[in-house]
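The values are calculated or read from the model by the stated rules, or taken from the named source; none is laboratory data. Small disclaimer: the values here were computed from a predicted structure and weren't measured. Glycine gets a Cβ as well: all are built from the backbone with ideal geometry, and neighbour counts include every protein chain shown.
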Amino acid sequence: MEIAAIIPAAGLGKRIGDVKKPYLELAGKPMLVHTLIVFQNCPLINKIIVVAAAGDENKCLQDIVIPYKFDKVYKVVVGGDTRQESVFNGLRSLPSDTHIVLIHDCARPFVKEEMIKNTVDAAILWGAATVAIPVKDTIKEADGDNFVVKTIDRQKLWSIQTPQAFKYDLILKAHLYALENNIKVTDDASLIEEFRSHRVKLVMGTEENMKITTPGDLDIARAMLNTERTT
């Protein structure tokens, strides 16, 4: 079974300071390296597509893929103006015999092989799956003036993470449907919801599988990596 991973790495970390997040240093290595290592070492993964910002394709190859010997990287492709466009570019670059594709945020370097396996297993069974964790905080809905409208039952709420895994033909059709109908979303599981052909199975994640978005997140990530190196 051909299983591929797409790593969108074309974004700009505006909340960190208009920097290119894939190349931010974490424990002596670029963030993208930490993420790719997990997929490189996972025996389930046959191919990896890295989606780089326009003009960064060679930098990604010369600074990341070649020196760290990521031989599963099948292609480095150019991203689009949005994450959705970048993932679509990655999907179109995969061979047609791909069975399952995982899509994982470059900025989640603490993904574990078990998450990859569990998400793939769920996608094989259900067609679409995403890692997620139950919401712990009390969530309230507010009106336009920031007054509480109601408290939402958190027992039914999950915070969505990546990896997300799909049957390849299904997620490609969902992206084409979104393109034809001008549907814009922030994750690929939402495209399956819009496409309405399959349900999306939730797979348990961890709080450690954080997305590095702010300077505070970066500090936490560096502390986590330093702890790992000293234990």
Report whether or not ALA142 is at pLDDT 95 or above and within 20 Å of the chain's Cα centre (by Cα). no
Within region 182-205, of all residues that are of a type in the set (S, T, N, Q) and touching a helix residue (DSSP H, G or I) at 6+ places or on another chain (Cβ under 8 Å), the one farthest from ASP105 (Cα to Cα) is SER197
Name the pairs: first residue in region 179-193 and among the aliphatic types (A, V, I, L, M), second residue surrounded by 19 or more Cβ atoms within 10 Å (Cβ to Cβ) and part of a loop (DSSP other than H, G, I, E, B), Cβ to Cβ under 8 Å, at least 6 apart or on different chains? ALA189/VAL200; ILE192/GLY127; ILE192/VAL200
Identify, by number, the condition in (1) at pLDDT 95 or above; (2) touching a strand residue (DSSP E or B) at 6+ places or on another chain (Cβ under 7 Å) that HIS198 doesn't meet. (1)
Could you list, ordered by first residue, the pairs with Cβ atoms under 9 Å in which the first is in region 152-169 and without any contact (Cβ under 8 Å) to a residue 40 or more places away in the chain and closer than 21 Å to SER197 by Cβ and the second is in a strand (DSSP E or B) and among the small types (Gly, Ala, Ser), at least 6 apart or interchain? ILE160/ALA132
Could you go through region 95-106 and let me know if any residue there is of a type outside the set (A, V, I, L, M), assigned to a loop (DSSP other than H, G, I, E, B), exposed (fewer than 13 other Cβ atoms within 10 Å of the Cβ) and at pLDDT 95 or above. yes
Which numbered condition LEU26 fails, given (1) in contact (Cβ under 8 Å) with a residue 40 or more places away in the chain; (2) surrounded by fewer than 16 Cβ atoms within 10 Å (Cβ to Cβ): (2)
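For (1) charged (D, E, K, R); (2) surrounded by 14 or more Cβ atoms within 10 Å (Cβ to Cβ), each residue gets a yes or a no:
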| site | (1), (2) |
| --- | --- |
| VAL148 | no, no |
| ALA174 | no, yes |
| ASN181 | no, no |
| ILE192 | no, yes |
| ARG196 | yes, no |
| ARG199 | yes, no |
Is there a residue being surrounded by fewer than 17 Cβ atoms within 10 Å (Cβ to Cβ), of a type in the set (A, V, I, L, M) and not in a loop (DSSP other than H, G, I, E, B) anywhere in region 40-53? no
Could you check region 177-231 and list, in sequence order, the residues that are charged (D, E, K, R) and in a loop (DSSP other than H, G, I, E, B)? LYS184, ASP187, ARG196, ARG199, GLU207, GLU208, LYS211
So which residues in region 1-22 are modelled with pLDDT under 90, surrounded by fewer than 18 Cβ atoms within 10 Å (Cβ to Cβ) and outside any strand (DSSP E or B)? LYS14, ARG15, GLY17, ASP18
